[in-house]
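What follows is calculated from the coordinates using simple rules that are stated; it is not laboratory data. From a predicted model like this one, the values you see are computed outputs, not experimental measurements. Note: ideal-geometry Cβ built from the backbone for every residue, glycine included; neighbour counts use all protein chains shown.
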Ligand SMILES: NC(=O)c1ccc[n+]([C@@H]2O[C@H](COP(=O)([O-])OP(=O)(O)OC[C@H]3O[C@@H](n4cnc5c(N)ncnc54)[C@H](O)[C@@H]3O)[C@@H](O)[C@H]2O)c1
């Protein structure tokens, strides 16, 4: 299926590892020039160089999404390297594992709830503010936000992280309405528990009965493969999804359902 996005320029946050890394590779394989960013520089440089080695266009830039100036610089660097930005995929995220009860957390510190909100929610505001300007000028754009099914269903722990992520759902609908007149779509992808590198390690450490209890919450009785959400992202940023906007779509084996 031709996605119709060859030649577009994408900026992707949190792309050094996990699903962000996979999104970067998939879009590059479609002929998109991908500007990758993260705070883990060695891993990010490796992602970009692997894409270049197989003939794709990719560059890595350090960017802390919580910092407004850092996001401005990232978008400017991406534009200078590849041209005006048409696609923004917000993957960068911060959480504590295992997730604490909210009442056991604190506002300050590197994993306090202020920092979690700054990375998970304000980071997407910062990136949208800079990247959508290029999309408005081009009269074409795609915004994708990574939330979480825990933000849709609520969880007994991780309220700092899931609460911040749930803010993306409302922000997304506002962006979809505000920017539709410029031919820009905005959508949220919502993973369930997905077997990215860190979760594979977590599952190995958990007692089997705990894993079994977690699996019982998934109608399909399996956790996500890290490729499944990036598959949806590729479609959402494509020309095929031009009439699809303002939605939150779960890819989680039925963990969260809504009509
Ligand atoms: N893995 C899961 O089970 C799962 C479940 C639900 C939702 N999600 C969401 O899906 C997305 C991808 O998840 P994942 O597990 O592949 O990756 P992840 O959540 O481990 O991290 C994504 C990336 O964000 C980067 N990051 C952290 N702070 C940053 C900052 N201040 N600025 C820029 N980058 C920063 C990290 O270095 C990392 O590379 C995330 O948004 C995550 O919240 C994941």
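Scoring 161-169, 29-37 by mean Cβ neighbours within 10 Å over their residues and listing the highest first yields 29-37, 161-169. In terms of packing, defined here as the mean over residues of other Cβ atoms within 10 angstrom, the peptides 153-160, 102-109 line up highest first as 153-160, 102-109.
With a 10 Å radius around each residue's Cβ, average the other Cβ atoms per peptide and rank 219-232, 72-85, highest first.
72-85, 219-232
When the alpha-carbon atoms of region 1-132 are used, the pair Rg, Dmax equals 15.3, 49 angstrom.
Using the Cα atoms as the points, what is the convex hull volume per residue of region 48-198 in Å³?
Numbers: hull volume 18.7 nm³, N = 151.
Cα-based convex hull of region 48-198, divided per residue, equals 124 Å³.
Relative to the longest principal axis of the Cα atoms of the chain, the long axis of helix 159-179 makes an angle of roughly 30 degrees.
Given axes a ≥ b ≥ c from the Cα gyration tensor, I'd like to know whether region 154-203 is rounded (a/c under 1.5), prolate (a/b larger than b/c) or oblate. Oblate. For the Cα atoms of the chain, what angle does the longest principal axis make with the long axis of helix 41-53, in degrees from 0 to 90, nearest 10? Tilt relative to the chain: about 50 degrees.
What is the ratio of the Cα radius of gyration of the chain to 2.2 N^0.38 Å, with N the residue count, to two decimals? Cα-based Rg divided by the globular estimate yields 0.96.
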